[in-house]
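Since the structure comes first, as C-alpha cells, the remarks are kept for the end.
Just so it is clear, none of the values below were taken in a lab; they were calculated from the coordinates. None of these values were measured; they are calculated from a predicted model. Every residue, glycine as well, gets a Cβ built from its backbone with ideal geometry; the counts of neighbours run over all protein chains shown.
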Amino acid sequence: MDSDKEQEMVPLSLRPEWSDVKPIPQDDGPNPVVPIAYKQEFRETMDYFRAVYSANELSPRALQLTREAILLNPGNYTVWHFRRQILEALDADLLEELDFVGHIAKGNSKNYQIWHHRRWVARKLGTSVTSKELDFTRKILSPDAKNYHAWSHRQWVLQALGGWEDELDYCHQLLDEDIYNNSAWNQRYFVITRSPFLGGLKAMRDSEVRYTVEAIMANPDNESPWRYLRGLYKNDTESWITDPRVSSVCLKVLNTKSNYVFALSTLLDLLCQGFQPSQDFREAVDALTPESAPADSNLARAICDVLLHVDKMRANYWIWRKSKLASVA
C-alpha cells in the first residue's frame, strides 16, 4: 500500500507505464459558463481515465487508475462502474476489494456509489462474507446509528446472505444503549417479520408487546415504541382494539398526567376503529382537558381538544382529525 501511495504522488505523465497513452481532456465547450478550477492532479487523472475508458482497457494499470480516481472523487459512478468491469475481467481478488471499499467508506459512509459497489462485491463472494458484511455495517453504525445506507446494506445482507441468528439480540443491544433509536426499532420490526427462524409477526407478538409496553412505560414521550406497538397488529385491527394490554398502557400513561401525547393519539386511533372505552378512560381524559376547551360528550372529539392544546406543533392536524369525526357523526 505504501508503494501505491508513492506511485500516486508521481504525475501520470511522468510514469513510464503510461507513456503510450494519450490523455483525453475534458470538453467544456468553447465558452463554459462556470468553469471549475480543478486541481492539476485531478484533471490529469481524469484525462487519463477518459483515455482508458474510451479504449475499454480492462487492465491492471486501468484498475490502479480507477483507484486513484476514486480516492480523488469517491462519488464518480462512471469510475466505479468501469472498476467493476475491470475486476470481473481480471478475476481480481474481491476480498481485497472489500478492504479497499472499507478504506474509502471511512470518510464517505453516506456515498451511494460506495454502498452499491460493496453490495456488488458481496453478492459475488456470497455467504462466505456474511459475517464480514454484518461486522462492517456494525462498525459504520457505531458512531452513526441512523446511517440509512448501512441499515439498507445490512438488511440486504440478511436477506441475500443470511446471518439472522443474532440480529434480534443486536437490536436489543442498540435499544438498550439508546431507546430512542428509531432505526433500531425499525430493524427490530424487520427482523421479527422477515426472519425465517422466528415464526413471523403473530408468533412474536406476545413477547414483543411485553417488551414494547415496558419501553413505553419507561419513556412515554418516545414515539417509536408507540408506532412499533401499532405495527405488531398489522392487518389485524380486531386484535389491536381487543388486546387489553394496548388500551391499558394508554390509560396508565394518561393517569401519570405527563408525556401523554402519544397515549392520547393511540387511544384516539383505537376509538376510531371501534374500541369501547370504560368510564376510566373518560375520567382520565377529562382530567387532562383544559378549562378553556369546550365540553364534549364524545370522547374522541374531547381527545382532539386536549391534543390541540398540548401538541401545538400539529394543531392543524388535530383540527382536521376532529372535523373528520364531526363529519362521520
| message | Give me Rg/Rg_expected for the stretch 161-288, where Rg uses Cα atoms only and Rg_expected = 2.2 N^0.38 Å with N residues. | response | 1.10
| field | Tilt relative to the chain, helix 40-54 - C-alpha long axis, 0 to 90 degrees, to 10 | value | 80
| note | Out of ALA92, PRO244, ILE140 - ranked by how far each Cα lies towards the positive end of the dipole of the chain, with unit charges on the beta-carbon of charged residues - the top one is PRO244
| remark: Rounded to the nearest 10 degrees, the helix 182-194 long axis (Cα) sits at an angle to the longest Cα principal axis of the chain of 90
| Alpha carbon centroid spacing (whole Å) that separates the stretch 169-215 from the stretch 121-147 | 20
| For a paramagnetic label modelled at 7 Å from the Cα of LYS324 toward its Cβ, which residues of the stretch 275-289 fall within the zone defined by backbone nitrogen distances under 17 Å? | 275
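What shape does the stretch 97-177 take by its C-alpha gyration tensor, where a ≥ b ≥ c are the square roots of the eigenvalues and a/c under 1.5 counts as rounded, a/b above b/c as prolate, and the rest as oblate? Could the numbers behind the result be given before it?
Numbers: a/c = 2.02, a/b = 1.19, b/c = 1.70.
Oblate, because a/c is 1.5 or more while a/b does not exceed b/c.
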| message | Loop-only chymotrypsin sites (Phe, Trp or Tyr not before Pro) in the stretch 175-211, please: DSSP not H, G, I, E or B, and at most 12 other Cβ atoms within 10 Å. | response | PHE197
| remark: Rounded to the nearest 10, the angle in degrees between the Cα long axis of helix 60-72 and the longest principal axis of the Cα atoms of the chain comes to 50
| field | Whole-Hz ³J(HN,Hα) from phi, Karplus 6.51 cos²θ - 1.76 cosθ + 1.60, for the stretch 84-92, glycine and proline x | value | 5, 4, 5, 4, 5, 5, 8, 6, 6
| remark: Cα extents of the stretch 8-96 per principal axis, largest first, Å, are 44, 28, 24
| task | Report the calculated FRET efficiency for ASP27 and TRP164 (r = Cβ-Cβ distance, R0 = 45 Å), to the nearest 0.05. | result | 0.35
| request: Round to the nearest 0.05 the FRET efficiency obtained for ALA55 and ARG194 when R0 = 35 Å and r is the Cβ-Cβ distance. | output: 0.20
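Cα-based Rg of the stretch 175-243 per 2.2 N^0.38 Å, rounded to two decimals?
Normalised Rg, Cα atoms only: 1.07.
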| field | Cα-based Rg and Dmax for the chain, where Dmax is the largest Cα-Cα distance (Å) | value | 28.5, 88
| field | Pairs from LYS234/LYS257; LYS234/LYS312; LYS252/LYS324; LYS22/LYS110; LYS106/LYS234 whose Cα-Cα separation, in the structure shown, is over 31 Å | value | LYS22/LYS110; LYS106/LYS234
| note | Computed ³J(HN,Hα) along the stretch 151-156: with the Karplus parameters 6.51/-1.76/1.60, θ = phi - 60°, integer Hz and x for glycine or proline, the list is 5, 4, 5, 4, 5, 5
| field | Potential lengthening between ASN255 and ASP206 on full extension [0.36 nm per residue; Cα-Cα distance subtracted] | value | 15.2 nm
